Amino acid sequence: MMSKKWKKGDPEKILVVKAAGIGDLLLAVPALRALRARFPEATIDLLVTPKCESLLQNCPYVDHVFVIQTEGMQNRIMISEIKPLLQLLGQLSSRQYDLLINLYHLFSNRGAFRFRLLLQAVGAKISIGRNTDGRGTFY
């Protein structure tokens, strides 16, 4: 497959969010491969859950893997989880992404609200994702 050369306006920094299980992450590999082929010069980072962290550490389509803790966050965030979460959001924000791609669907209004907060914290110039059942109108 021939890759396209970078042109003005192409994203230089891309964050792909796949905060799901191992199977969902593996199904996302073709999308990561396509992103790398289309934007070979871009930095492509991946945000995953802890159980998926090691799976794509050496993936040629991804430059860096970040981990977001999602276990137990369905009901409330514990005080002990706030500092690591804020540190992660600070790291992601400081990378100044041009494009954020959410490859996961929004199951609930609560999940959509949390994802909107993540988008705002990261501050990517452009964000895209699935408007599952009208929950992703902020993309």
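The values are calculated or read from the model by the stated rules, or taken from the named source; none is laboratory data. All figures in this text were calculated on a predicted structure; none of them were measured in a lab. Cβ: placed from backbone, ideal geometry, glycine included. Neighbour counts: every protein chain shown. What goes into the accessible areas is simple: the full protein's heavy atoms, side chains included, and nothing from ligands, DNA or RNA. Shrake-Rupley method; radii C 1.70, N 1.55, O 1.52, S 1.80 Å.
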> Hey, what do the phi angles of the stretch 96-113 turn into as Karplus ³J(HN,Hα) couplings, whole Hz, using 6.51/-1.76/1.60 and θ = phi - 60°, x for Gly and Pro?
Replying inline: 6, 5, 7, 9, 10, 10, 9, 8, 10, 7, 9, 5, 9, 5, 5, x, 5, 4
>> If amide hydrogens are placed 1.01 Å from N in the peptide plane, which non-local residues have theirs closer than 5 Å to the one on Ser127?
In response: Leu100
>> In whole Hz and in residue order, list the ³J(HN,Hα) couplings for the stretch 118-128 that follow from phi through the Karplus curve 6.51 cos²θ - 1.76 cosθ + 1.60, θ = phi - 60°; x for Gly and Pro.
In response: 4, 4, 5, 5, 6, x, 5, 5, 10, 10, 9
> Roughly how tilted is helix 22-38, in degrees to the nearest 10 and between 0 and 90, from the longest Cα axis of the chain?
Replying inline: 30
>> Using helices alone, I'd like the mean residue ellipticity at 222 nm for the chain: each DSSP H run of four-plus residues gives -39500 (n - 2.57), total over residue count, nearest 500.
In response: -11000 deg cm²/dmol
> How far is helix 79-94 tilted off the main Cα axis of the chain, in degrees rounded to 10, range 0 to 90?
Replying inline: 20
>> Quick check: net charge around Leu25, other residues with Cβ under 12 Å of its Cβ, Lys/Arg +1 and Asp/Glu -1?
In response: 0
> Ordering Lys8, Lys125 by how much accessible area each has at a 1.4 Å probe, largest first, what is the list?
Replying inline: Lys8, Lys125
> Using a 1.4 Å probe, what is the accessible area per residue for the chain, in Å²?
Replying inline: 61
> Counting Lys and Arg as +1 and Asp and Glu as -1, what is the net charge of the other residues whose Cβ lies under 12 Å from the Cβ of Leu103?
Replying inline: +1
